[in-house]
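A short write-up of the structure that comes next.
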Amino acid sequence: MSKKQAILEAATILFSHKGFKHTSMNELCRMTGVAEGTIFYHFQNKQELFLAVLEGIKSEIIHEFESYLEATRFQTGIEMMEAAISFYMHLAGTMEERFLLLHRHDAYELARANAKCRQHLEEVYECLAHIFERAILVGQEDGSIGDVPPRKTALIIFAMVDGLVRFNTYDLYHANALYNELVVLCRRMLENKKSVE
């Protein structure tokens, strides 16, 4: 692993657990074993480092989801939706620190003042919402999903799934304990009532 990559990995951990404001460059130096000058050789300042971390998270999440959807075949759109929900929860578990960073308030405070930060966050959430929307559109084509507004419904489902992931993030409730109920509710919300009758 290159020094730059080691800095990004360590910064991801620190930003995830301490937030942008409370992550110090001294702590990053101790964690990586590199001098502060080396960090600033690769990244002009802490904000640029945070943006690089955020861009890396965005790329990883998008890559993981696209790879999964390309490699998996679905019989129906509703099956695709259930798989997307399941994979989102799986990804949040395997990329825990990345999702922890996405769920921190710091990122959104910075996004108010920094257009690039806002763009990265929007692209992550746009990609995820689009996956749910795509499943709805596929389901409406094959008849497994009823006449619901695709974009708005996708955003509602995404908010529910991400809300459960946040329970895990903040150690409030084990999200997997609600997985079956979530899938049943989504199915009821989406199912084409005409095809069920």
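The values are calculated or read from the model by the stated rules, or taken from the named source; none is laboratory data. Only a predicted model underlies this, so the values are computations on that prediction, with no experimental measurement involved. Because the Cβ atoms are built from the backbone with ideal geometry, glycine has one as well, and the counts that use them run over all protein chains shown.
Would segment 133-155 turn up any residue that is within 27 Å of residue 47 (Cα to Cα) and in contact with a helix residue (DSSP H, G or I) (Cβ under 9 Å, 6 or more places away or on another chain)? No, there is no match, as no residue in segment 133-155 is within 27 Å of residue 47 (Cα to Cα) and in contact with a helix residue (DSSP H, G or I) (Cβ under 9 Å, 6 or more places away or on another chain). When restricted to residues that are touching a residue at least 24 places away in the same chain (Cβ under 8 Å), assigned to a helix (DSSP H, G or I) and under 24 Å from residue 180 (Cα atoms), segment 60-76 contains 4.
Conditions (1) in a helix (DSSP H, G or I); (2) not aliphatic (A, V, I, L, M), marked per residue:
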{"position": "9", "(1), (2)": "yes, yes"}
{"position": "12", "(1), (2)": "yes, yes"}
{"position": "15", "(1), (2)": "yes, yes"}
{"position": "19", "(1), (2)": "yes, yes"}
{"position": "27", "(1), (2)": "yes, yes"}
{"position": "31", "(1), (2)": "yes, no"}
{"position": "39", "(1), (2)": "yes, no"}
{"position": "44", "(1), (2)": "no, yes"}
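For residue 118, indicate whether it is part of a helix (DSSP H, G or I), of a type in the set (Lys, Arg), farther than 21 Å from residue 75 by Cα and modelled with pLDDT of 95 or more. Judged against the criteria, residue 118 is not a match. Scanning segment 122-150 for residues that are touching a residue at least 40 places away in the same chain (Cβ under 8 Å), surrounded by fewer than 18 Cβ atoms within 10 Å (Cβ to Cβ) and within 22 Å of the chain's Cα centre (by Cα) turns up 123, 127, 134, 137.
Being crowded, with 17+ Cβ neighbours inside 10 Å, assigned to a helix (DSSP H, G or I), touching a residue at least 12 places away in the same chain (Cβ under 8 Å) and more than 15 Å from the chain's Cα centre (by Cα) is a property that residue 79 has. Determine if segment 8-16 includes at least one residue that is surrounded by 16 or more Cβ atoms within 10 Å (Cβ to Cβ), touching a residue at least 24 places away in the same chain (Cβ under 8 Å) and not hydrophobic (A, V, I, L, M, F, W, C). So far as segment 8-16 goes, yes, one or more of its residues are surrounded by 16 or more Cβ atoms within 10 Å (Cβ to Cβ), touching a residue at least 24 places away in the same chain (Cβ under 8 Å) and not hydrophobic (A, V, I, L, M, F, W, C). Which members of segment 98-115 meet the condition of being crowded, with 16+ Cβ neighbours inside 10 Å and either at positive phi or part of a helix (DSSP H, G or I) (or both)? Within segment 98-115, 98, 99, 100, 101, 102, 106, 107, 110, 111 meet the criteria.
Of the residues making up segment 96-152, those that are of a type outside the set (A, V, I, L, M, F, W, C) and touching a strand residue (DSSP E or B) at 6+ places or on another chain (Cβ under 8 Å) are 139, 144, 146.
Restricting to segment 39-76, name every residue that is small (Gly, Ala, Ser) and either surrounded by fewer than 17 Cβ atoms within 10 Å (Cβ to Cβ) or in contact with a Pro (Cβ under 7 Å, 6 or more places away or on another chain) (or both). 59, 67, 71, listed by residue number.
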